[in-house]
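Shown next, in structure tokens, is the structure this report addresses.
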Amino acid sequence: MKHLLFLFCSIVTVTTLAQNNAIAPGEKLMYTASYNMSGILTDIAEVTMETSEVKTSKATLLRLKCTATTYSKWDNFFKIVDLYESYVNPNSLTPYLHKRDINEGSYYKYMKYTFDHKTNTIKSIQRKKNNQEENKNFSFNSGTKDIVSTLYNIRLFNYQNMNIGSKKSFTIVFDREEVKAQITYLGKETLDTKIGKMACYKLAISSSENVLQGQNNNLIWLTADNNKVIVYGKFKIPVGNGELKIKSAQGLKN
Amino acid sequence: MKRLFTILAIIMAVLATILSVLPLSNLAFFPALAALIFASMAYFLSKKSGDPKKIIHFIFLLSIISLVLSTYKAMFTETEVTNTEELKAKEKESKEDALEDLEELDLGDISIN
């Protein structure tokens, strides 16, 4: 019960206090993803995170788009063209629509979540290579976000007043299941990146599922300024480990 | 012993040559260096016994070619994405679909301007 209460409080705190003062429309971050092959890091793909404004007849939303494409030299061996999108409230990054279209080698999967925050239900559509469509509605807990809006939401936390070892919990909906995840603040470090020498917040990410391996094996570094841009990441997944390094950053808010 | 080193050197040199022409060229350094070490040992033993060293010269040649090729690729090959058309088309289609979906959503009571 105590744990449940703690989790509830952290989610409420995270959702109510997190106001977007770090992300603006028109921001474009480009990364190089490398994979560790027998101890040698090999550049595999280019990852782009981009934001833009989307206007409907009722509201203006923020479109968060993440793409991953393999470098051309890999295309004949293993081609990846992934598109992740979220349409969110520009102030709180609350998601309304999330889409995932992944094309990796011979594997294809399309997933769409439509969030209904009044009834706390998600209407999902899943499509696979054989074009078979599967619709499923399921409920979600208040504060749950999709993977893309979570990635951006991490940038809204206030790390300045956090003590080393402090944790923040959040829930991500992935493959129509809610996954509990946690970030641990590990302190400040200065990194030499492609966009300059930056003071960074070092964070460890862990999840309740086996997607991310180990306690402090999945690390990200966010710039210790108002933009809190992810500049470097180290990850360990069941099929190996790799890195994510920033290549360029444009259209930053601050 | 000389025969074992020669066989190992041949295997490593062939592996290094294959890897160096693939996108995995960074991995060719290990077998190429191993081939050079084994070939050097085989060369030393052949020299001692006065046996022919033609095959060993060939192994050296293969290893050096794969090392040069891998180094060149590591230093001068630009990693870039050229197949952007597919992704752009996917993005465009996805945004159009999303706009239709968003129009159907009830966003009226949410304070978004």
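The values are calculated or read from the model by the stated rules, or taken from the named source; none is laboratory data. Keep in mind the model is a prediction, meaning the values are calculated, not measured. Quick reminder, even Gly has a Cβ in these numbers, built from the backbone with ideal geometry, and neighbours come from all protein chains shown. We work out accessible area using only protein heavy atoms, side chains counted, and drop any ligands, DNA or RNA first. Shrake-Rupley method; radii C 1.70, N 1.55, O 1.52, S 1.80 Å.
Helix-only estimate, please: 222 nm mean residue ellipticity of chain B, summing -39500 (n - 2.57) across DSSP H runs of length 4 or more and dividing by its residues, to the nearest 500. All intermediate terms of the calculation are to be shown ahead of the outcome.
Working: 4 runs with 85 residues, N = 113.
The helix contribution divided over chain B gives -26000 deg cm²/dmol.
Here the label points at B:Met1 and A:Arg127, each 7 Å from Cα along the C-beta direction, are separated by 6.7 nm in the simple model. Computed across region B:2-78, the Kirkwood hydrodynamic radius from all distinct Cα-Cα pairs reaches 12.3 Å.
Across region A:140-254, the volume of the C-alpha convex hull divided among the residues equals 117 Å³ per residue. Mean residue ellipticity at 222 nm, helices only, chain A: -3000 deg cm²/dmol; runs of at least 4 DSSP H residues each add -39,500 (n - 2.57), and the sum is divided by the number of residues. The smallest convex shape that holds all Cα atoms of the protein assembly as shown, its convex hull, gives 176 Å³ per residue. Note on B:Lys95 and A:Thr60: with the Förster distance fixed at 22 Å, the Cβ-Cβ geometry gives a FRET efficiency of about 0.90. Once the 1.4 Å probe is applied to the protein heavy atoms, region B:2-78 comes out at 60 Å² accessible per residue.
Per-residue SASA remark: A:Ser38, around 90 Å² accessible (1.4 Å probe; ligands, DNA and RNA not included). At a threshold of 50 Å², the residues of region A:19-42 that become less accessible to a 1.4 Å probe in the full protein assembly than in their chain on its own are A:Ile40.
Name the most mobile residue of B:Ser66, B:Ser94, B:Ser25, meaning the one with the largest mean-square fluctuation, in a Gaussian network model of chain B with Cα contacts below 10 Å. Sorting by GNM fluctuation, first place goes to B:Ser94. Each of B:Met41, B:Met75, A:Met162 has its accessible area taken with a 1.4 Å probe; listed largest first, they run B:Met75, B:Met41, A:Met162. Using a 1.4 Å probe over protein heavy atoms, the accessible area lost on pairing A with B, summed over both chains, comes to approximately 3400 Å². Computed from the Cβ-Cβ distance with R0 of 35 Å, the FRET efficiency linking A:Ile164 to B:Glu78 stands at 0.30. Any chance you could check the Cα centroid distance between region A:92-134 and region A:162-191 for me, in angstrom? When both Cα centres are located, 23 Å separates them. Calculated on C-alpha atoms, the gyration radius of region A:50-124 divided by its Kirkwood radius gives an Rg/Rh of 1.09.
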